[in-house]
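K.L.:
One structure is given below, represented as structure tokens, and several questions about it will come after.
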Amino acid sequence: MNPKNNIIVGIIIALLFVTSYNIGANPIEFVKGLPNLAIVAEEMTQVEPKLFGTAFLSMFETIQMAFIGTIVGVAISLPLSMFAARNLNSKYVYAPVRAILAAIRTFPSILWAILFVIMVGLGPFAGVLAIIMYTIGFVAKLQYEVIETIDSDPMDAVSSIGVSKWQLIRYVVLPESAPHLLSQMLYMFDYNVRQTSILGLVGAGGIGFYIINYIKFFEYGKAAVFMLVVLVTVLIIDWASVKIRDKYIIKSQHGMKISVK
Amino acid sequence: MELLQMTRPSSFSLISTKKIIQMNNVYTSYDSKNYALKGISISIDRGTNYAIVGQSGSGKSTLLKLMNGMMIPSKGTIKIDYQTPNMKNKQFKLMMHKIGYIPQSLGLIKNITVLENILIGALPRLGKIQSLLKMFPEEEVIEAKKILKQVGLEGKENRKAYMLSGGEKRRVAIARAFMQKPTILLADEIVSELDHITAREIMALIASAQKTMNLTAIMVHHDIQLALEYANRVAVIKDGEKILEIGVEGDKIVDFQTGNLTTEEIMEMYSNESKK
């Protein structure tokens, strides 16, 4: 390692100590606190099986919220991404659209949830609206980045026919970016299910409402039931998205040859 | 003729004049310092099979992009049927509908089917709603299937483009261009990287369609032998300059640029160039 790198590593380690001191991060406290974790863990093993019914129902509500949020969010973000792509628009179009998208992304979904709880009241609807906003901000960004990296050859070939911009979007941009869009939808749904699980914290519906309340009243055994259901659901969604990805996305992206009957 | 052009702007192919493409002393540059093309003059008759041959980086592809208005020359004039090519010009855009352009990479859309790729050639004839909903009129679908058969892809209309072999992909790109009902076909190294037999099949396909459709074909090639076999005229480009313009008359290769070179001299000159 050259001396310059040694200095950089030294500075990073020094900064680590300074910032840890500033925020009061203390490894000794962490070790001292481990027995507390053991208490919680032990209480969590005392699950109350009769709560599984409620847990599954609230998980179902959470999945429905995530589903609506993802689909509506993606549907809104798709046209926005077309306007935000630099290779399809002039600066006067893409710059303001990008600024709006960046502003939407500034808020985490929990802040959107608080805002919508104020607007439409407690309950899952506020959560759905929060998920929609969050999805718009992220999927539109991911999607315009994909559009900007679309192979320019089909774009050039089809533009050379003298087609309109809308025809170019419909016949080149959409099909070329479709596998990415599907991949983003799956990712976003997976992410939204986990997000929705914590939106209950601010009263925006879903399974998080139960988790936060049981924890508040130190009923870890009951909270564990709900957390277990979240874990299993996320694992199932993860497994399913791998399957869908393999079937529809990987092959088309790599131009893999498949035998046809 | 003025009147005819004004009243029927899209039917320029009816205006029968001999020269369809005229380039006069054309220069282009990508970076304002070095010229990619230097003083090229080319004149192409309607219905000709014209070939442009040269090494990689000689400026052949740039020539094609100038002809369909995707690039604008830095100096000199280009006229395609008396219009200056520029893809941003609305009048010329109408003409682009009838110029089939096949880039070297073919530019197929890999996630859609063969038939859908071919139908893209019909887009200029489609209304806004029809194209938004992908509602192609029945006669266009029939036409596309006819062309599919013509290029030898019968029965493969529902395959996705990425499943096809190199030769088949080229046939799809040709079919898409034919679907435009073109008057000019520009093809950039369409048979390079193909085996000998497939390359000749593709060339024969274009040659026969060229006669039946009264097409002016301008094709960029790597291989001068292949070019001479199919083209009426061959322009040889080197470092952005046209160093030769030759053609086959009977069993002789004729020098149209200066009129001085013999067949042997031409072949020797080209083989020396290839060695470099």
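K.L.:
Just wondering, is there one or more residues in segment B:100-107 that are on the phi < 0 side of the Ramachandran plot, surrounded by fewer than 21 Cβ atoms within 10 Å (Cβ to Cβ) and at the interface with chain A (Cβ under 9 Å from one of its Cβ atoms)?
P.N.:
Scanning segment B:100-107, I find at least one residue that is on the phi < 0 side of the Ramachandran plot, surrounded by fewer than 21 Cβ atoms within 10 Å (Cβ to Cβ) and at the interface with chain A (Cβ under 9 Å from one of its Cβ atoms), so the answer is yes.
K.L.:
If you don't mind, there's one more thing I want to ask. Just the residues that are aromatic (Phe, Trp, Tyr) and under 14 Å from A:Ser160 (Cβ atoms), please, taken from segment B:72-123.
P.N.:
B:Phe92, B:Tyr101
K.L.:
Could you give me the residue pairs with C-beta distances under 8 Å whose first residue belongs to segment A:73-98 and is surrounded by fewer than 22 Cβ atoms within 10 Å (Cβ to Cβ), whose second residue is acidic (Asp, Glu) wherever it lies, and which are 6+ apart or on separate chains?
P.N.:
Qualifying pairs under 8 Å: A:Arg86/A:Glu148; A:Asn87/A:Glu148.
K.L.:
While we're on this one: Which count do you get for residues in segment A:201-251 that are part of a helix (DSSP H, G or I), touching a residue at least 60 places away in the same chain (Cβ under 8 Å) and small (Gly, Ala, Ser)?
P.N.:
4
K.L.:
If you scan segment B:29-42, which residues turn out to be crowded, with 16+ Cβ neighbours inside 10 Å and under 23 Å from B:Ile246 (Cβ atoms)?
P.N.:
Within segment B:29-42, B:Ala36, B:Leu37, B:Lys38, B:Ile40, B:Ile42 qualify.
K.L.:
Okay, moving on. Report yes if some residue within segment A:134-145 is farther than 18 Å from A:Val97 by Cα and either within 10 Å of chain B (Cβ to nearest Cβ) or buried (at least 17 other Cβ atoms within 10 Å of the Cβ) (or both); otherwise report no.
P.N.:
No, because not a single residue in segment A:134-145 is farther than 18 Å from A:Val97 by Cα and either within 10 Å of chain B (Cβ to nearest Cβ) or buried (at least 17 other Cβ atoms within 10 Å of the Cβ) (or both).
K.L.:
Which condition does B:Gly167 not pass, out of (1) of a type outside the set (D, E, K, R); (2) under 16 Å from A:Val158 (Cβ atoms); (3) under 18 Å from the mean Cα position of the chain (by Cα), if it passes all the others?
P.N.:
Exception for B:Gly167: condition (2).
K.L.:
Out of the residues in segment B:151-184 meeting the condition of being small (Gly, Ala, Ser) and surrounded by fewer than 22 Cβ atoms within 10 Å (Cβ to Cβ), tell me which one is farthest from the other protein chains (Cβ to nearest Cβ).
P.N.:
B:Gly152
K.L.:
Can you name the residue in segment A:161-184 that is in contact (Cβ under 8 Å) with a residue 60 or more places away in the chain and polar (S, T, N, Q) and is also farthest from the other protein chains (Cβ to nearest Cβ) among such residues?
P.N.:
Selected residue: A:Gln184.
K.L.:
Across segment A:37-61, what is the total count of residues that are modelled with pLDDT under 85 and either aliphatic (A, V, I, L, M) or not in a helix (DSSP H, G or I) (or both)?
P.N.:
Residues meeting the conditions: 5.
K.L.:
Could you give me the residue pairs with C-beta distances under 7 Å whose first residue belongs to segment A:101-113 and is within 22 Å of A:Phe83 (Cα to Cα), whose second residue is among the aromatic types (Phe, Trp, Tyr) and at pLDDT 90 or above wherever it lies, and which are 6+ apart or on separate chains?
P.N.:
A:Arg105/A:Phe138
K.L.:
With respect to A:Asn192, is the statement that it is surrounded by fewer than 23 Cβ atoms within 10 Å (Cβ to Cβ), away from chain B (no Cβ under 14 Å), under 30 Å from A:Leu57 (Cβ atoms) and of a type in the set (S, T, N, Q) true?
P.N.:
Answer is no for this residue.
K.L.:
Quick one: which residue in B:Lys60, B:Lys75, B:Lys90 is buried (at least 22 other Cβ atoms within 10 Å of the Cβ), more than 8 Å from chain A (Cβ to nearest Cβ) and at pLDDT below 90?
P.N.:
It is B:Lys60.
K.L.:
Sticking with this structure for a sec: Which is assigned to a helix (DSSP H, G or I), touching a residue at least 12 places away in the same chain (Cβ under 8 Å) and not aliphatic (A, V, I, L, M), of B:Glu201, B:Glu245, B:Glu193, B:Glu265?
P.N.:
Answer to the selection: B:Glu201.
The values are calculated or read from the model by the stated rules, or taken from the named source; none is laboratory data. The model shown is predicted, which means the values in this text are computed figures rather than measured ones. Because the Cβ atoms are built from the backbone with ideal geometry, glycine has one as well, and the counts that use them run over all protein chains shown.
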